[in-house]
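Worksheet: the structure to be examined is printed underneath.
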Amino acid sequence: MSVETAQGLTGSRCARCGNVAYPAASGCQRCGSTELTSLELALKGVVWAHTVQRFAPKSPPYVPPAEGFTPFAVGYVELPDGVRVEGVLESVDGEDLAGAEVVLVSTAPVPRFATSAWIEHSPRPDIGRTGAETAAKESAR
Ligand SMILES: [Zn+2]
């Protein structure tokens, strides 16, 4: 599996009203304009709402891991671009996700965000670090 952490998510911004959408839209959801530009979304955001997926989603498109399904957290991450992105949320056991700051760690097959605690304890340190470092550089700009 390739590590796609350096690349972020691409959304769209309406040239008329500024509304940001993810996934990128062909027409503005707010004003209907079709004058949209591509927008690279921020790599870091805050958990806006979340829940735990306790049963395996319909497959396909869901691909259960080889070791079998285990419940995972999903939710919306509010990005500073003004859009909320739905994705899988990685955290360590017992960590409170409400309002937690998370970093994009992969984009495929679905957006996946992680807390800094998860990134520190990740069994796959190659996943997460790149995104976290890029986000750190971004916020230092
Ligand atoms: Zn618009």
Legend entry - Output for the stretch 28-85, where each listed residue is touching a residue at least 40 places away in the same chain (Cβ under 8 Å) and assigned to a loop (DSSP other than H, G, I, E, B): LEU41, ALA42, LEU43, PRO61, VAL63, ASP81, GLY82
Legend entry - Complete set of residues in the stretch 24-49 that are more than 16 Å from the ligand (Cβ to nearest atom) and not aliphatic (A, V, I, L, M): GLU40, LYS44, GLY45, TRP48
Inset, instruction - Kindly indicate whether LEU97 is closer than 17 Å to THR115 by Cα, in a loop (DSSP other than H, G, I, E, B) and not acidic (Asp, Glu). - result: yes
Inset, instruction - Examine the stretch 60-81 for a residue that is modelled with pLDDT of 90 or more and within 16 Å of the ligand (Cβ to nearest atom), and state whether such a residue exists. - result: yes
Legend entry - Breaking point among (1) out of contact with any His (no Cβ under 7 Å at 6 or more places or on another chain); (2) closer than 21 Å to ALA108 by Cα; (3) not charged (D, E, K, R), for GLY27: (2)
Legend entry - Enumeration of residues in the stretch 38-77 that are polar (S, T, N, Q) and touching a Ser or Thr at 6+ places or on another chain (Cβ under 7 Å): SER38
Inset, instruction - Within the stretch 84-95, identify whether any single residue is under 14 Å from GLY8 (Cα atoms) and either surrounded by 18 or more Cβ atoms within 10 Å (Cβ to Cβ) or among the polar types (S, T, N, Q) (or both), and answer yes or no. - result: yes
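The values are calculated or read from the model by the stated rules, or taken from the named source; none is laboratory data. Given the structure is predicted, the values throughout are model-derived calculations rather than measurements. FYI the Cβ positions are ideal-geometry reconstructions off the backbone, even for glycines, and counts take in every protein chain you see.
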